[in-house]
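Written below as C-alpha cells is the structure these notes are about.
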Amino acid sequence: MDEELFIHSLGVEEAAYNLAALYGIDSQKASLAGLLHDYAKGLPAKQLCRIASEYNLADDISRQEPALLHAPVGAWLLKHELGIDDQEVLEAIRVHTTGFPGMSPLSKIVYLADCLEPGRNYPGVKELRAIARRDLNQALLIAVDRTIKHIIDRGKIIHPVSILFRNSLILSKKNNQEIYNHEVWNKKTKSSS
Ligand SMILES: [Fe+2]
Ligand SMILES: [Fe+2]
C-alpha cells in the first residue's frame, strides 16, 4: 500500500469511527472496516482478475471493470490472509465500491466514510459531511449520485447494483422504509441466476 492510500485508509477509519459513534453503530467494527476497506486496491489489475475468477468472487460486470474488483477481492483476502471473519466487516468491504440495496448500517457508514474522509477535497464535500451528521440516507444519495456522474464523465461501466442502490435510497426516503431487504434480495438474485 502506497503512502497516499495509507493516509486515505486512516482517514476512512477516522470518518467511519465518528459516524458509527454518532449513529450508535459498533464503532470498533466501523473503524476496522474503514482501515482495511482498500486492502486490495494496490494490487495490479491482472492479479485482481486472477483472484476474482479463481475464487468466483465477482459477477461478469465487475470482471469487465477491474476497479470494481478490489472490494470483493479485498474482503476475500482479509478473510484468508488476515483471518478476519466478522461477516458485517467483510460485507462492508465487499460492497464499498458499488453500494447495495438493503445495505447494513455499518456498510452504509463505510461507503460514506470513503467519500467524505478528511483527505477528500472536492466541491460539496463540506456540505456532504454536514448532511451525513444528520441524515445518513440523504448523504448516501448525494454520494452515490456524485459517484455515478463521475463514472459517466469518465465513460466507465456503471454496475447495475449501484443504480438499484440509488433507487432504494430514493424509495426509502419516499416511503420512509427500506424497500429492499438484504436477505430477500440475495434470494432473488440467487434464484434468477
Ligand atoms: Fe475502494
Ligand atoms: Fe477508499
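With respect to (1) more than 17 Å from S107 (Cα to Cα); (2) of a type in the set (S, T, Y); (3) under 17 Å from the mean Cα position of the chain (by Cα), the lone exception for S9 is condition (1).
Assigned to a helix (DSSP H, G or I) and closer than 21 Å to R146 by Cβ: is that true of G34 in this structure? If you could, list the steps in order and put the result at the bottom.
On the way: assigned to a helix (DSSP H, G or I): yes; closer than 21 Å to R146 by Cβ: yes.
Against the criterion (assigned to a helix (DSSP H, G or I) and closer than 21 Å to R146 by Cβ), G34 qualifies.
The set of residues in the range 26-47 being in contact with a Gly (Cβ under 9 Å, 6 or more places away or on another chain) and either hydrophobic (A, V, I, L, M, F, W, C) or more than 16 Å from ligand 2 (Cβ to nearest atom) (or both) consists of L36, A40, L43.
Could you give me the residue pairs with C-beta distances under 7 Å whose first residue belongs to the range 115-132 and is of a type in the set (G, A, S), whose second residue is assigned to a helix (DSSP H, G or I) and surrounded by 12 or more Cβ atoms within 10 Å (Cβ to Cβ) wherever it lies, and which are 6+ apart or on separate chains? Partner pairs satisfying both residue conditions: G119/I7; G119/H8; G119/G11; A132/L19; A132/L112; A132/L116; A132/A139.
All of the numbers you see were taken from the coordinates with simple rules; none came from a lab. Everything numeric here is computed off the predicted structure, so don't read it as measured data. Glycine gets a Cβ as well: all are built from the backbone with ideal geometry, and neighbour counts include every protein chain shown.
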